[in-house]
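I have placed the structure first, in the form of structure tokens, so that the comments after it can refer back to it.
The values are calculated or read from the model by the stated rules, or taken from the named source; none is laboratory data. Quick caveat: nothing in here was measured; it's all calculated off a predicted structure. Cβ placement follows ideal geometry from the backbone for every residue including glycine, while neighbour counts extend to all protein chains displayed.
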Amino acid sequence: MTGMSRFNIIFVSSLFVFVLLATACTQQKVPTARVAEEAHFAFWSSQWSEAKEGYAELTYRSPDNWNYQYRLGVACLNLDDLDTARRALEIAETLRPQQHDIALHLAETMYRQDDRTALFTFLVDRAESTQQSGDWLLLARYSLDLDDPDMARLAIQEALVLDTTDSPKPYLIAAELAERLGDIDGALQSLKIAWTLDPDNIQVQAMIRGLGEVPGPTMLGQTEMGG
């Protein structure tokens, strides 16, 4: 082999290595803000594979960012990658325990994994520690799904005792759960309270009619009217 041939081979090889290194460096230097922008758009548009890829990179760069972990978990849940979803959501819940949406998706992940023990432990501990109406209603819903009506009734009672809002939503959920339990009287009682809080609520009116009552003051007894 002539000297010129060796030179050409060395030159081409060096150029190839340079191109590879330059490409790698370019890929590594993609700004976090750009990765986040693309991941957020993919998440918003339900492009779950792209969202998963983007948030996996973001959580690698910023593992203590609860929102990245949460969104990675949601994307993986939608892709049925339950193990990855659970790991990400558990991290997010640890970083941001007050965020109800994280608890919702983590519970759903555990439910779909059929990990009943972990699900009940998580929901009971959360409800008892937060003492929030929404967390007790979440426990009630999954208790029904997992065929534990006694826990469901207890959780519904706790939720309504703890509710301090003027929103009919907790009573609507309680009514739905009570109806599933076959407790029509309990469902109607919750719906009547929901109606007094928001008489124009179409969902409340429809549910009351569905149980055979006519929404309006006449459905309330004298005691319920305060008379």
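Looking at this structure, is ALA88 over 28 Å from ASP183 (Cα atoms), assigned to a helix (DSSP H, G or I), touching a residue at least 12 places away in the same chain (Cβ under 8 Å) and within 17 Å of the chain's Cα centre (by Cα)?
In short, yes.
With TYR68, TYR111 as the choices, which residue is aromatic (Phe, Trp, Tyr), closer than 27 Å to GLY182 by Cα and within 15 Å of the chain's Cα centre (by Cα)?
Residue meeting the stated conditions: TYR111.
Based on what the data block shows, is LEU123 under 21 Å from the mean Cα position of the chain (by Cα), within 27 Å of ARG96 (Cα to Cα) and in contact (Cβ under 8 Å) with a residue 40 or more places away in the chain?
no
Conditions tested, residue by residue: (1) of a type in the set (S, T, N, Q); (2) closer than 24 Å to LEU138 by Cα.
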| site | (1), (2) |
| --- | --- |
| ARG34 | no, no |
| PHE41 | no, no |
| SER46 | yes, no |
| ALA51 | no, no |
| SER62 | yes, no |
| ASP81 | no, yes |
| GLU93 | no, yes |
| GLN98 | yes, yes |
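Could you check, for segment 168-184, whether at least one of its residues is loosely packed, with under 15 Cβ neighbours inside 10 Å, among the aliphatic types (A, V, I, L, M) and assigned to a helix (DSSP H, G or I)?
yes
Sort out which residues of segment 141-167 are part of a helix (DSSP H, G or I) and either in contact (Cβ under 8 Å) with a residue 60 or more places away in the chain or hydrophobic (A, V, I, L, M, F, W, C) (or both), and write them in order of number.
Scanning segment 141-167 gives LEU144, MET151, ALA152, LEU154, ALA155, ILE156, ALA159, LEU160, VAL161, LEU162.
When segment 32-59 is examined, which residues are found to be surrounded by fewer than 11 Cβ atoms within 10 Å (Cβ to Cβ), part of a helix (DSSP H, G or I) and hydroxyl-bearing (Ser, Thr, Tyr)?
Within segment 32-59, no residue meets the criteria.
Please specify each residue of segment 111-125 satisfying the condition of being surrounded by 14 or more Cβ atoms within 10 Å (Cβ to Cβ) and among the hydroxyl-bearing types (Ser, Thr, Tyr).
Of everything in segment 111-125, just one residue is surrounded by 14 or more Cβ atoms within 10 Å (Cβ to Cβ) and among the hydroxyl-bearing types (Ser, Thr, Tyr), namely TYR111.
Scan segment 139-167 for residues that are buried (at least 17 other Cβ atoms within 10 Å of the Cβ) and among the small types (Gly, Ala, Ser) and jot them down.
ALA140, SER143, ALA152, ALA155, ALA159
Could you list, in sequence order, all residues of segment 126-138 that are buried (at least 16 other Cβ atoms within 10 Å of the Cβ) and either under 15 Å from the mean Cα position of the chain (by Cα) or closer than 24 Å to ASP64 by Cα (or both)?
Once the filter is applied, which keeps residues that are buried (at least 16 other Cβ atoms within 10 Å of the Cβ) and either under 15 Å from the mean Cα position of the chain (by Cα) or closer than 24 Å to ASP64 by Cα (or both), segment 126-138 yields ARG126, THR130, GLY134, ASP135, LEU137, LEU138.
For ARG126, only one of the following conditions fails: (1) in a helix (DSSP H, G or I); (2) over 22 Å from LEU77 (Cα atoms). What is its number?
Unmet condition: (2).
Looking for something among the hydroxyl-bearing types (Ser, Thr, Tyr), closer than 30 Å to ASN78 by Cα and modelled with pLDDT of 90 or more - is there at least one such residue anywhere in segment 137-147?
Taking every residue of segment 137-147 in turn, at least one turns out to be among the hydroxyl-bearing types (Ser, Thr, Tyr), closer than 30 Å to ASN78 by Cα and modelled with pLDDT of 90 or more.
For the list (1) in contact with a helix residue (DSSP H, G or I) (Cβ under 7 Å, 6 or more places away or on another chain); (2) at pLDDT 95 or above; (3) farther than 12 Å from LEU72 by Cβ, I need the number of the one condition that GLU37 fails.
(1)
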